[in-house]
Amino acid sequence: MSAASTRPTAAEGLSPELAERFGPLLAEISAGAVGRERDRELPWAAVRSLREAGFGALRLPREAGGSGLGLADFFALLVELARADSNLPQLWRGHIAFVEHVLSLPAGESKERWLERLAAGEIVGNAQSEPGGSAFWRPETRIERSGEGWVVEGRKFYSTGSIFADWIYTSGADGEDHVSALVRADGSGVERIDDWDGFGQRLTGSGTTIFERAAAEEVTVHPRGERTSTTQNAVFQLVLLATLAGIGQRALDEALDFVRGRSRSAFTARVAVPSEDPQVHQVLGELAGLVLAARSSVQAVARTLEEVRELEIAGSASAADVARAEVAVFTAQGVVVDLVLRATTDVFRVGGASATAEHRALDRHWRNARTVSSHNPEIFRAATVGKALLDGTSPHDQLAAAVAAQISQGVPA
């Protein structure tokens, strides 16, 4: 078999239909990834192209203007999108979770309105966390009644994807109640700032959003202590795991290209040409194993989540079903994190100092993987899984207990 025939493609792991529809776009996005990283150029064109290709509506039913794509196939596409540019699936993360939320809504005007907007290509960003010492369940942001409507007043950080969005899904407090709201991203009183200063995932638009009496179109009030058990946490986390798997795959791709292009080895090597060196072959083989394990973990968990989401959309998912999905995702989290961090470190073992050249940007893979891995730290997820397996306490119930404990310990209001 020739070397060319064994090279992975830009649409590896996708169905023929998805490969035909998105393969050329993924290749185009991939070609510009290093340049965008080097110049800190936000991927406006890539987001626009994905919007025009119907990416944001893939999960919608065909009768609602979508593609009716199954969740497992969708996450396979997310891995390939991350392989092309890891910033993109993360900046779409809020939108992806919001789509799943809409699919689970009961029939009615709100659901129909959002299905229509999503089918038309409108994008929803996310702005939940706040700077400073306030906890998620005790936000400083206020969402309060004003006349016949609601207004949002506050400052959010980690507003991933909101800079590219038409709508921002945010949260705040109304007295003792927790409130979620949807705000027009370009509306009066909304300011979006690209001031994310993390060393990785620099192009996700994960900066500050400021609301100054911004009008909220739709509001949902969650009375204090009321926490509904849904798969939203699992969806949010699996997007990050798919991103990690794609980062690992791109690191392997570039390691292979790097070795193929080298004509000489280090003076200590026993073989003059790196591509003919069995030790280099071994490193590449180990990298391939790490990446395969990460991708396989994501796909296995995506199939489990797909089963539970189908029940949830039909209104028949039990708390035990939701727990099964969450435990599956959280179990995979620590494994995928370790696999990809190792892969993005070991990629440098195939070459000498030349592998660190800035124009290659191989360091971006570890920086991006480390940044993604730092979301929702895996140490807490591993503990959640262990307790769930040991005594049956669901992740949802563990979270509720953790929130109550933080509040009782004097979490800042």
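The values are calculated or read from the model by the stated rules, or taken from the named source; none is laboratory data. Just so it is clear, the model here is predicted, and its values are computed rather than measured. Methodologically, a virtual Cβ is constructed for each residue, glycine included, from the backbone with ideal geometry; neighbour enumeration extends over all protein chains shown.
Scanning region 132-158 for residues that are under 22 Å from N233 (Cβ atoms), over 21 Å from the mean Cα position of the chain (by Cα) and buried (at least 17 other Cβ atoms within 10 Å of the Cβ) gives S134, W137, R138, P139, T141, I143. What do you reckon, is D186 charged (D, E, K, R), under 30 Å from T344 (Cβ atoms) and part of a loop (DSSP other than H, G, I, E, B)? Considered against the rule, which asks whether it is charged (D, E, K, R), under 30 Å from T344 (Cβ atoms) and part of a loop (DSSP other than H, G, I, E, B), D186 comes out as no. Among the conditions (1) modelled with pLDDT under 95; (2) β-branched (V, I, T); (3) buried (at least 16 other Cβ atoms within 10 Å of the Cβ), I379 misses just one, which is (3).
Condition check for W150 on (1) farther than 20 Å from G187 by Cα; (2) in contact with an Asp or Glu (Cβ under 9 Å, 6 or more places away or on another chain); (3) not acidic (D, E): one failure, at (1). Would you mind stating whether E217 is within 20 Å of A357 (Cβ to Cβ), in contact (Cβ under 8 Å) with a residue 12 or more places away in the chain and acidic (D, E)? So E217 does not fit the description; no. Considering region 98-131, the residues that are in contact (Cβ under 8 Å) with a residue 60 or more places away in the chain and surrounded by 23 or more Cβ atoms within 10 Å (Cβ to Cβ) include one that is farthest from the chain's Cα centre (by Cα), namely L118. For region 81-96, the count of residues that are surrounded by fewer than 18 Cβ atoms within 10 Å (Cβ to Cβ), outside the structural domain of V372 (by TED's automatic domain parsing) and more than 25 Å from W366 (Cβ to Cβ) is zero. Report yes if some residue within region 175-184 is modelled with pLDDT under 95, among the hydrophobic types (A, V, I, L, M, F, W, C) and touching a Lys or Arg at 6+ places or on another chain (Cβ under 7 Å); otherwise report no. No, the conditions are met nowhere in region 175-184. Restricting attention to region 231-252, the residues that are outside any helix (DSSP H, G or I) and more than 13 Å from V329 (Cβ to Cβ) total 0. Going through (1) closer than 27 Å to V102 by Cα; (2) buried (at least 16 other Cβ atoms within 10 Å of the Cβ); (3) charged (D, E, K, R) one by one, R262 falls short only on (1).
Selection of region 77-105 for residues being assigned to a helix (DSSP H, G or I) and of a type in the set (D, E, K, R) yields E80, R83, R93, E100.
Applying the selection to region 168-177, what residues are assigned to a strand (DSSP E or B) and either under 18 Å from the mean Cα position of the chain (by Cα) or surrounded by fewer than 22 Cβ atoms within 10 Å (Cβ to Cβ) (or both)? I168, Y169, T170, A173, D174, D177 - these are the residues of region 168-177 that are assigned to a strand (DSSP E or B) and either under 18 Å from the mean Cα position of the chain (by Cα) or surrounded by fewer than 22 Cβ atoms within 10 Å (Cβ to Cβ) (or both). Among the residues of region 135-171, those identified as closer than 19 Å to H375 by Cβ, among the small types (G, A, S) and without any contact (Cβ under 8 Å) to a residue 60 or more places away in the chain are S159, S171.
Being in the same structural domain as T209 (by TED's automatic domain parsing), acidic (D, E) and either under 19 Å from G68 (Cα atoms) or part of a loop (DSSP other than H, G, I, E, B) (or both) holds for only one residue in E130, E144, E153, E112, and it is E130.
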